[in-house]
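No value in this document is a laboratory result; all are computed from the given coordinates. Here the structure is a predicted model, which is why all the values come from computation and not from measurement. In this analysis, Cβ positions are derived from the backbone assuming ideal geometry, glycine residues included, and neighbour counts consider all displayed protein chains.
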Amino acid sequence: MGLQPRLLYVTNIGDSTVEIYNIFNLDSPVRIGEFGVNELGAPSGLAITGNLLYVANAGSSNIEIFNISNPLAPVRVGEFGTGDLTNPNALAIAENTLYVTNLIDFTIEIYDITEPLVPERVGQFGEGEVSGPNGFVIIGNLLYVSNSGDATIEIYDISEPQSPVRLGQFGNASELSNPIGLAVTGNILYVANFQFSLANTISIYDISNPLAPIFLNRFGSGFLNGPTELAIADDTLYVANIIGSNVEIFNIANPIAPVHLGEFNTSNLSNPFGLIVVPFLD
């Protein structure tokens with residue numbers, strides 16, 4: 001088997017589809033198709049386990065499951081979460097546990113995905129701690145959750161994935177503004193600032209000490225227009241612009257001084273929100 005071009009999936013909230021891009025050339029994505037027509041409802045966050053893709057439906061408050069054994073032609077194989085979820089946005093997986101943000105009711109749902117086609121809800125957390133939870137990133141045994149409602153990021157210990165323990169938070173209104181997407185490269189954390197005072201920028205934190213991140217600076221002003229989720233492939237950062245209906249591309253070879261490379265694909269995207277990189281073999 002040979003290594004083939006990686007793919008980038010991008011969710012379209014505007015037309016309830018997921019676009020597929022070839023990112024063999026990281027700074028020149030090429031659209032090769034879409035999926036989810038008549039199956040999705042304002043799709044937002046994405047997560048992969050094995051050959052299955054989970055897609056959060058913010059509009060219909062559930063999660064769709066697609067088989068991506070052929071990642072060029074995903075096939076819907078089920079759904080779950082109806083009745084448990086309220087405007088789900090972000091997804092993250094730790095071992096056999098799936099976390100899902102409930103944006104509207106300020107909680108995070110926990111699912112056991114030992115049987116990935118039949119996830120079992122095992123509880124929730126964050127009540128009274130999270131405010132408009134909207135993004136995730138996992139760093140070792142820590143889970144960061146962005147609070148779009150109060151310009152902070154919560155830190156949870158997930159050493160026991162189904163029993164998260166809150167350890168603290170970081171960020172403030174001088175560093176963050178309606179934070180949504182999170183992404184990590186090495187000891188650097190990127191946080192998308194969607195709107196309000198610091199709108200259309202990305203904040204950079206040093207997480208050498210992941211329990212006490214240090215704010216460094218921001219970038220992206222003039223290029224971003226409603227940044228939501230983030231994805232990283234090698235030295236390239238992709239940023240979904242929900243308002244601009246495109247994806248911006250930054251070189252992060254120097255992670256504290258990203259360089260804007262370009263954008264894609266206004267003609268095919270409709271309020272993009274979520275991103276995920278999908279490697280595959282032939």
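Would you work out which of PRO179, LEU211, VAL145 lies farthest towards the positive end of the dipole of the chain? Charges go on Cβ: Lys and Arg +1, Asp and Glu -1.
Positive-most Cα among the choices belongs to PRO179.
What list of ³J(HN,Hα) values in whole Hz, one per residue of segment 221-227 in order, does the Karplus curve 6.51 cos²θ - 1.76 cosθ + 1.60 (θ = phi - 60°) give from phi, with Gly and Pro shown as x?
With coefficients 6.51, -1.76 and 1.60, one gets 4, x, 10, 9, 8, x, x Hz.
What does the charge dipole of the chain about its Cα centre add up to, to the nearest 20 debye, if the Cβ of each Lys and Arg holds +1 and the Cβ of each Asp and Glu holds -1?
Values: 6 positive and 28 negative charges, 101 e Å.
Dipole about the Cα centre, nearest 20: 480 debye.
Rounded to the nearest 0.05, what FRET efficiency do GLU79 and GLN124 have when you use their Cβ-Cβ distance and R0 = 30 Å? Could you put the intermediate results ahead of the total?
Numbers: r = 19 Å, r/R0 = 0.63.
For R0 = 30 Å, the calculated efficiency reads 0.95.
Multiplying the sequence separation of ASP235 and ASN209 by 0.36 nm and subtracting their Cα-Cα distance, what value in nm do you get?
Details: separation 26, 0.36 × 26 = 9.36 nm, distance 2.23 nm.
Gain on extension, ASP235 to ASN209, equals 7.1 nm.
May I ask you to compute the full-extension gain from VAL165 to SER69, defined as 0.36 nm times their residue separation minus their alpha-carbon distance, rounded to one decimal in nm?
Working: separation 96, 0.36 × 96 = 34.56 nm, distance 3.49 nm.
Difference between extended and current length: 31.1 nm.
Among residues other than PRO29 whose Cβ falls under 12 Å from its Cβ, what is the net charge (Lys/Arg +1, Asp/Glu -1)? Provide the component values of the computation, followed by the final result.
Numbers: positive: ARG6, ARG31; negative: GLU19, ASP27, GLU248, GLU263.
Residues close to PRO29 contribute a combined charge of -2.
Classify segment 86-228: rounded, prolate or oblate, from the alpha-carbon gyration tensor (a ≥ b ≥ c, eigenvalue square roots; a/c under 1.5 rounded; otherwise prolate if a/b is larger than b/c)? Walk me through the numbers on the way to the answer.
Details: a/c = 1.92, a/b = 1.57, b/c = 1.22.
Prolate, since a/c reaches 1.5 and a/b exceeds b/c.
Going 7 Å from the Cα of THR49 toward and past its Cβ, which residues in segment 74-90 have a backbone nitrogen under 19 Å from where you end up?
75-86, 88-90
Give me the number: length gained by fully extending ASN254 to ARG31, i.e. 0.36 nm times residue separation minus the C-alpha to C-alpha distance, one decimal in nm. Intermediate values should be presented prior to the final figure.
Details: separation 223, 0.36 × 223 = 80.28 nm, distance 2.76 nm.
Value of the extension gain: 77.5 nm.
Counting only residues 5 or more places away or on other chains, whose amide H sits under 5 Å from the amide H of ASN62 once H atoms are built in the peptide plane?
When sequence neighbours closer than 5 places are left aside, the close amide H contacts are ASN57.
Let me make sure I get this right: for segment 118-161, a, b and c are the square roots of the gyration tensor eigenvalues over alpha carbons, sorted descending. Under 1.5 in a/c it's rounded, otherwise prolate if a/b > b/c, else oblate. Which is it?
Numbers: a/c = 2.00, a/b = 1.34, b/c = 1.50.
Here segment 118-161 falls in the oblate category.
Given (i) 0.92; (ii) 1.09; (iii) 1.15 as candidate values of Cα Rg over 2.2 N^0.38 Å, which corresponds to the one derived from the coordinates?
(i)
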